[in-house]
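Written below as structure tokens is the structure these notes are about.
No value in this document is a laboratory result; all are computed from the given coordinates. As the structure is a computational prediction, the values presented were derived from the model and not from experiment. All Cβ positions, glycine included, derive from the backbone under ideal geometry; neighbour counts span all protein chains shown.
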Amino acid sequence: MFSKNIKFKNFKKNQSNAKVEKDLINLLNEKNEIINSLSSNYKNKYNFKKILKIKKNLELRIIGIGGSILGAKAIYDFLSVKKKILFIDNLNSRYKLKKKNYLNLIISKSGNTLETITNVNIILSKKDKNIFITENKKSYLHELAENLKSEIIHHNNFIGGRYSVLSEVGMLPAELMGLKPNKFRQLNGLVKNKKFIDGLISNVSSILDFHRKKNFNSIVINYNPNFNNLIEWYKQLVSESLGKKGKGILPIISNMPKDNHSTMQLFLDGFKNNFFTFFFSKDNKSNKIDEKKLFNGYEFLKNKTINQIMYSQKLATEKVFLKKKIPFRSFEIRKLDEKTLGELFCFFVLETILVGKSINVNPYDQPSVELIKKETKKILI
């Protein structure tokens, strides 16, 4: 456990790795805006009181794609935010426009993201209010924002989309949800937590062992549908950061318990190039079995909740994995709040950067994705 809110079970008993430890020390000490955004030292580049005056009573609609929006979606679902927010994060050839006015929060680091430009062109109405988060440079969306006389918040030049969740990109949406940005930024305390540091170094060491053995599939076994967007965020983080030079880790999402009846057979007895991460959270408000409807030997379900049944399935799966020597780690979330989610964001960002440095890839760029953008533009022209 590296936090009272997270019960953490490692791949192995903590293993030291001098190189990873040195890389971590260097990472924490270098001037790195990504790392800075994880700490309470980071200063948001927006005036929230001014934003509230623009918003008034309008419903919020966030328009972006990839790292520009996944963090906000993860926050919204993980914390079961009650405020209604509409997320537009993909192209839909038959988008249904509602006759109402919105506050549109439009996010694109480059300001030239094709999907975001397309959605903005179709969705925005004259009576909407708009706020743009984009870099302070000439781009389509920056020019559009100026033409509309909209509020422009400058995206930090040194933070890529997939790393931007604790910068303005994720924290302005969080604040509009009624949450406190600095409750997410937990790095200051975590770096003083020996269990967190030891667990992080050990995890990176295990993943490097898997990578050397060509175990490239990182399969996330998820027992809470509210974690799906957090895992989607993790998927982009790991895939884009590490997938270079013929190397990388492939994150795969498996939703339980339904996947017990589809992919689990493959996980247990198929190819052995996988390692697993379990995600579970206890739910005290879970529906309970109606004992009056039980018969024919199923009385053992008496007084059991759905959450208890799922937890039993998780424990059973872990036992079978141990017997079959299938590597896994486990995160049991005990409290769903900003602090807990912030700790998870910090953990996975640090883990990913450290793995990237160790396998000799640049964890901050995504050169081949740019090729598809260029080819798409050529075809459309």
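Taking Cα atoms only, the orientation of helix 228-242 departs from the longest principal axis of the chain by about 80 degrees.
Around the Cα centre of the stretch 43-182, unit charges on the Cβ atoms of Lys, Arg, Asp and Glu (plus for the first two, minus for the last two) sum to a dipole of about 660 debye. Taking 19 Å as the straight-line reach from the Cα of LYS138, the aspartates and glutamates in range (excluding those fewer than 8 positions away in the same chain) are GLU115, GLU146, GLU151, GLU370. Taken about its Cα centre, the chain carries a charge dipole of about 660 debye when Lys and Arg each add +1 at the Cβ and Asp and Glu each add -1 at the Cβ.
Listed values for the stretch 66-72 are Karplus-derived 3J(HN,Hα) couplings in whole Hz (6.51 cos²θ - 1.76 cosθ + 1.60, θ = phi - 60°), namely x, x, 6, 9, 4, x, 5, and x replaces Gly and Pro. Within the straight-line cut-off of under 18 Å between alpha carbons, the aspartates and glutamates reachable from LYS12 are GLU21, ASP198, ASP209, GLU318, GLU332, GLU351, sequence neighbours fewer than 8 places apart in one chain being disregarded. As a length-normalised measure over Cα pairs under 8 Å and 6 or more apart, the relative contact order of the chain settles at 23 percent. Our note on the geometry: Cα centres of the stretch 207-235 and the stretch 55-82, 23 Å apart. Using the rule -39500 (n - 2.57) for each DSSP H run of four or more residues, divided by the residues of the chain, the 222 nm mean residue ellipticity is -13000 deg cm²/dmol.
When the charge dipole of the chain is built from unit charges on Cβ atoms (+1 for Lys and Arg, -1 for Asp and Glu) and taken about the Cα centre, the candidate among VAL369, HIS154, SER206 whose Cα reaches farthest toward its positive end is HIS154.
For the options ILE309, ILE131, ILE353, a Gaussian network treatment of the chain with springs between C-alpha atoms closer than 10 Å singles out ILE309 as fluctuating the most.
Cα centroids of the stretch 345-370 and the stretch 137-193: how far apart, whole angstrom? Answer, in whole Å: 20. Students often get this wrong: which residues of the stretch 283-316 have the backbone nitrogen under 14 Å from the point 7 angstrom along Cα-to-C-beta of ASN260? Inside the label zone: 301, 305-316. Taken one residue at a time, the phi angles of the stretch 276-291 give Karplus couplings (6.51, -1.76, 1.60, θ = phi - 60°) of 10, 10, 8, 10, 8, 9, 7, 10, 6, 9, 5, 4, 10, 5, 7, 5 Hz. Gly and Pro are set to x. Under the rule a/c < 1.5 gives rounded, and otherwise a/b versus b/c splits prolate from oblate, where does the stretch 43-182 land using the Cα gyration tensor? Rounded, since a/c falls under 1.5. Close amide H contacts of ASN130 (hydrogens built in the peptide plane, cut-off under 5 Å, sequence separation of 5 or more or a different chain): ASN104, GLU151.
Here's the list of lysines a cross-link from LYS137 could span, going by alpha-carbon distance under 17 Å and ignoring same-chain residues fewer than 8 apart: LYS45, LYS109, LYS149.
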